[in-house]
Amino acid sequence: MKERLVSLQNAALAELEDVANPQELNEVRVQYLGKKGALTEILRGMGQLSAEERPVIGQLANDVRAAIEGALAELQTKFDAEETNRRLAQEKIDVTLAGRAPETGTLHPLNWVIQQVEDIFVGMGYIVAEGPEVERDYYNFEALNLPKNHPARDMQDSFYITDEILLRTHTSPVQVRTMEKMHGEVPVKIICPGKVYRRDNDDATHSHMFTQIEGLVIDKNVRMSDLKGTLLQFVQEMFGPETQIRLRPSFFPFTEPSAEVDVTCCMCKGNGCRVCKQSGWLEILGSGMVHPRVLEMAGYDPNEYTGFAFGMGVERIAMLKYGVDDIRHFYTNDLRFLRQFAHD
Amino acid sequence: MNVSFQWLQDYVDLNGVDPKELAEKITRSGIEVDSVKARSEGISGVVIGHVVEREKHPDADKLSVTKVDVGGPELLQIVCGASNVAAGQNVPIAMIGAVLPGDFKIKKSKLRGVESQGMICSANELGIPEKFLSKTQKEGILVLPADAPIGSDALEYLGLNDQVLEFDLTPNRSDCLSMWGCAFEVAALLEKPVKLPHVVIHEDTTERASDLIQVSIEDAAPCLHYSARIIRDVVVKPSPQWMQNRLVAAGIRPISNVVDITNYVLLEYGQPLHAFDLSKLKHGEINVRYARSGEAFVTLDGVTRELDESMMVISDGFDAVALGGVMGGQDTEVNESTNQILLESARFDGGTVRLTSKKLGLRSESSVRFEKEVDPARVRLALDRAAALLAQYAGGRVISGVVETFKDENDRVLADVDSARRIHISNEKINLTLGTNLSSDEIAVIWSRLQFKAELHGEHWEVCVPSRRNDIRLAIDLIEEVARLYGYDRIPTSFIVGKTTTGALTNEQIIRRRLRGQLAAQGWHEVLTYSLTEPKTMQAFPVAGKHGVVTLAMPMSEERSVLRHSIIPALIEAAQYNRNRQLDDVRIFEVGHVFLGTENANNALPNEQLMLGLLWTGSKSPRHWSGKPQAIDFFDFKGQLETLFEKLGLTGLIWESSVREGFHPGRTAQVSVKIGEGVDVLGTIGQLHPDQQRAMDLSDTYVAELSVSVVVEAARRGVQFQALPKYPAISRDMALVLDRSVSVDTVIRETKALVGDLVESIRVFDVYEDEKLGRDKRSVAFSLLYRVPERTLTDEEVSQRHFGMVEKLNERFGAVLRA
């Protein structure tokens, strides 16, 4: 029996030397180690062995099996490696081809700017107030110290629907409505974004519909220096920590003193360039201390309370921030324009 | 207001002041100076010459050969092409080496064989714009007055060596619509005194104006002060050159001495004046009254205007002779034959003038000033100034006395030169408002720069504001003056001291941001379109409410005449725009207001609703090398919305087949959402009607319009954790043959009602249509997952419920289990 086992091992190992592929390997495995294989066949005779012989032969049989299995495994590994190599060669792709990217969507740049401005002011303790785009003459003009036939109404030629109802020319009516709702409570700290309308012919710098953001603060002891501090903080967050502001006296019927606010040109950092017409400054905001008449009409005693207000054109800021040269781009909705704002 | 630098020097010492630096200073303290222009930009080497001889050119009919005296030792021979050149004229000569606008250099030359040593210039060649020239000046060389000094600099003579500052005045600073006002402003900035004109009138006391003319204001007419003088023996001729120069610098065309003087004083004092030809005032009377309805009147510009009862006219007792404060009449106009005039200086109500000028579309230098209210104290001063100038430059004889009348006693008081407003203000108020720490001394300096008289009583000022500063009426107006003269730059920077507030977005604002952000994340592009649109495009998507569209009273164009009641047409327009540029895949959305008319449109605001509009056309994903692009269908579109709704926490959505104008009747759904006990309609989603698509040249296009307020109401934020299932589920599939008219949603809802307590989810995994199933039949395969949270279900109980349910579906819908 011992001899049979040894010769079986030799035969198996010899046969394995000629094995060329996994199928043949399997045939050899079945032939020698299968349920009906040669080794099983031999081991069936184990019963006839003596008690002394049995462990010896048993041990030998295990060694034979291990030797054959070892050889089989070695070949299997080799064939597996070959198979893997073949697959890898086959499966090579050109990784430089484009991926299957879903379309990247975008937020409209104007809304994106509004969002940034809102976030800065929310961080400073403001809430965002909104109101109707079609307004009453009272809220749009009268309550803002612009009585009927006031010459300053010419500054904002408007679209009327009836004598008393018009498309708002600024977001200031939201301020009036908010003050009314507060019934004289303070502090008022709001920021009001929204669409506004003026009788302008659309061209590269004018749009009959455009977007504004205004802010309003009312409290005891609000000073013009607070307005300066607030605006400085805002522009530094919006345009970078080096940004400075410059106030110039101006006129708005609803504020006094009033100021136009220039900021350091974001293109040239104040050195002078084409965009700022070599001045180093860009005009981006109108502002001022809330006019006592406006406070009074909204139910605040101007002797007790003061406030400041400011407003900016969103298009203007977006044009400066992104270098857009024509305001109409914002309303034409050319996908090639919109897609550029995917990564702002 | 165009301010001549040279003219300004009459009132304020500007020695050593650079016009550009002055402009910057003015801009930084409240009046924006838009430009500083040198009138002689690009011109040099032009002198005044005298034409001594003029001969015809031997070889050219249209040319003349002249001999010109330019004050040098020899006469210059100059060839000239102008037809009006003649011997004896004084003319501007561009000498050899001179430069004219457009970098035109004058060289010695030969014209048709005759040498020319320079050029005789037209006004236009000297850079004087055509609109300031008379007809003859436009056609030929500029003929200068006989007293023009020969050999001297023509630019200086013509005032072209001047600089003009263009003031962009805000409505409150109408005081600077006059040189007078500008002088005070500049003087305050430079801390210098103001020199005002010294007016002396030599009246002819042999006659009294009040004997010659009566002046009256009809009770209600909005004329506050009317004053007049009579000047006889005027000789109408051109005004002196210096005056013409100043008018041109300010932007007014010189006409004649009389008219020019009224305009000159208008510019100088800011007080409009009018000169009537006295002999044409038929009734020896001036009466200010309202116009009669339909009254016709021919203004100076020759246009016949129809007046109404809101307008004010000056009449001669019968007929209108001027449109008060706006324009004079043709019939009483001063011309060459005029020899006596009635000079008017009045104060008309600004509102009335503004309304008249607006109604007639007629703005004039006068109306612009009256609209903003003129200084009551300057009415008579201006009258006297003009009378003195008429005596000096038109040879006039000023008849003694001013004829005047006032609307009421208060107006008479206001006309008194000394009447000033008194305003009280404390140092504390100034400093608290500005955040400054100014002392009484610092503030006193500012009052004195403004030339406001002020008295300090302890910490309180009493400030006398002269009537020239009409804009200063309240304490806050004085604070602004302090701020701007102190310098906005010097106001410190501080932070609000009051109570700290928490800033936050409202729930609605957060959800709106999520909605927009989510759509962008899903590959949608946000657009913004105009609210104003044309009625035609709106008609394809009729307004749902019965009160119709909101229309502008006076639109600028038909294109922008109504407010949109739907966002969809604008999205279609945007899609077309992109398709026309080979951008075929368009996936856009907008969150914006639509406007619905209300019953009481005259008094009520329209119903403004915030809507989400979406449009998708083209293919599912960008074209890729790995395969053909796949066109989108309804379910791609719906899936996008389902993802959005899930992200926003909307549940209990109900989709129903729907018909809406402009939409494909078989591919349109109304989607609603359960809110509390009720159901609210979110909106419509569907394919555009094929007719629409054809008309717009679009391929299959899907659109939706949803109410943002309903989305906000239905949206849920925050999460409540649900325990994970502990027990296994049992899955059962069923394929039902159904009538096509039975919607899957109905079946699912019925199924849920029948087995709801056991079933965890129901999903459709196949829809199959085949003739063999029968006409109008289809097979829908459902996969049901049965599970309860508290125990393992047995096969038997699931089967019992499942098949029981199938039987009920059969009864309810005739649904047959497909073999």
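Annotations for the structure displayed:
- Pick from region B:599-643, criterion among the hydroxyl-bearing types (Ser, Thr, Tyr) and not in a strand (DSSP E or B), ranking: nearest to A:Leu167 (Cα to Cα): B:Thr643
- Qualifying positions in region B:303-316 - part of a loop (DSSP other than H, G, I, E, B) and either more than 17 Å from B:His274 (Cβ to Cβ) or among the hydrophobic types (A, V, I, L, M, F, W, C) (or both): B:Val303, B:Leu307, B:Asp308, B:Glu309, B:Ser310, B:Met311
- Summed over region A:117-139, the residues that are among the aromatic types (Phe, Trp, Tyr) and either in contact with a strand residue (DSSP E or B) (Cβ under 9 Å, 6 or more places away or on another chain) or part of a strand (DSSP E or B) (or both) give a count of 2.
- Unmet criterion (only one of (1) surrounded by 23 or more Cβ atoms within 10 Å (Cβ to Cβ); (2) out of contact with any His (no Cβ under 6 Å at 6 or more places or on another chain)) for A:Glu256: (2)
- Cross-chain or 6+ apart pairs with Cβ under 6 Å, region A:305-329 first and within 15 Å of A:Ile284 (Cβ to Cβ) and assigned to a loop (DSSP other than H, G, I, E, B), then modelled with pLDDT of 95 or more and not small (Gly, Ala, Ser): A:Ile327/A:Glu315
- Residue under evaluation A:Leu231, criteria (1) under 21 Å from B:Arg490 (Cβ atoms); (2) surrounded by fewer than 23 Cβ atoms within 10 Å (Cβ to Cβ); (3) touching a Leu at 6+ places or on another chain (Cβ under 9 Å); (4) within 10 Å of chain B (Cβ to nearest Cβ), criterion not met: (2)
- Scanning region B:352-369 for residues that are hydroxyl-bearing (Ser, Thr, Tyr) and assigned to a helix (DSSP H, G or I), we see that the one that is nearest to the other protein chains (Cβ to nearest Cβ) is B:Thr352.
- Taking region B:145-163 as the range and being touching a helix residue (DSSP H, G or I) at 6+ places or on another chain (Cβ under 7 Å) and buried (at least 21 other Cβ atoms within 10 Å of the Cβ) as the test, the residues that pass are B:Tyr157, B:Leu158, B:Gly159, B:Leu160, B:Asp162, B:Gln163.
- For B:Met312: the one exception among (1) farther than 18 Å from B:Tyr226 by Cα; (2) modelled with pLDDT of 95 or more: (1)
- Taken together, A:Val174, A:Val188, A:Val128 contain a single residue that is surrounded by 15 or more Cβ atoms within 10 Å (Cβ to Cβ), touching a residue at least 40 places away in the same chain (Cβ under 8 Å), touching a Cys at 6+ places or on another chain (Cβ under 8 Å) and more than 9 Å from every other protein chain (Cβ to nearest Cβ), which is A:Val174.
- For region A:119-138, a tally of residues being among the acidic types (Asp, Glu) and touching a helix residue (DSSP H, G or I) at 6+ places or on another chain (Cβ under 8 Å) returns 2.
- Taking the numbered list (1) within 27 Å of A:Gly307 (Cα to Cα); (2) outside any helix (DSSP H, G or I); (3) away from chain A (no Cβ under 14 Å) in turn, B:Glu442 passes all entries but (2).
- Breaking point among (1) more than 7 Å from every other protein chain (Cβ to nearest Cβ); (2) surrounded by fewer than 20 Cβ atoms within 10 Å (Cβ to Cβ); (3) touching a residue at least 40 places away in the same chain (Cβ under 8 Å), for A:Lys181: (3)
- The sole residue among B:Ile479, B:Ile510 that is β-branched (Val, Ile, Thr) and more than 9 Å from every other protein chain (Cβ to nearest Cβ) is B:Ile510.
- Only a single item in (1) touching a Lys or Arg at 6+ places or on another chain (Cβ under 7 Å); (2) of a type in the set (Asp, Glu); (3) closer than 22 Å to B:Gln670 by Cβ is not met by B:Asp745, and it is number (1).
- Condition check for B:Gln609 on (1) under 30 Å from A:Ser207 (Cβ atoms); (2) within 9 Å of chain A (Cβ to nearest Cβ): one failure, at (2).
- Extreme residue, modelled with the lowest pLDDT, among residues of region A:140-166 that are within 10 Å of another protein chain (Cβ to nearest Cβ) and assigned to a helix (DSSP H, G or I): A:Met155
- Test for B:Glu455: is it at the interface with chain A (Cβ under 9 Å from one of its Cβ atoms) and either acidic (Asp, Glu) or assigned to a helix (DSSP H, G or I) (or both): no
- Conditions (1) farther than 20 Å from A:Cys192 by Cα; (2) buried (at least 17 other Cβ atoms within 10 Å of the Cβ); (3) more than 38 Å from the chain's Cα centre (by Cα); number of the one not met by A:Thr106: (3)
- Scanning region B:113-144 for residues that are part of a loop (DSSP other than H, G, I, E, B) and not small (Gly, Ala, Ser), we see that the one that is surrounded by the fewest Cβ atoms within 10 Å (Cβ to Cβ) is B:Pro129.
- Region B:643-668: number of residues that are surrounded by 16 or more Cβ atoms within 10 Å (Cβ to Cβ), within 44 Å of the chain's Cα centre (by Cα) and under 15 Å from B:Leu706 (Cβ atoms): 8
- Region A:196-228, residues that are away from chain B (no Cβ under 11 Å) and closer than 19 Å to A:Tyr300 by Cα: A:Gly215, A:Leu216
The values are calculated or read from the model by the stated rules, or taken from the named source; none is laboratory data. Just so we're clear, the structure is a prediction, and the values are computed from it rather than from any experiment. Note that each Cβ is placed from the backbone with ideal geometry, even for glycine, and that neighbours are counted across all protein chains shown.
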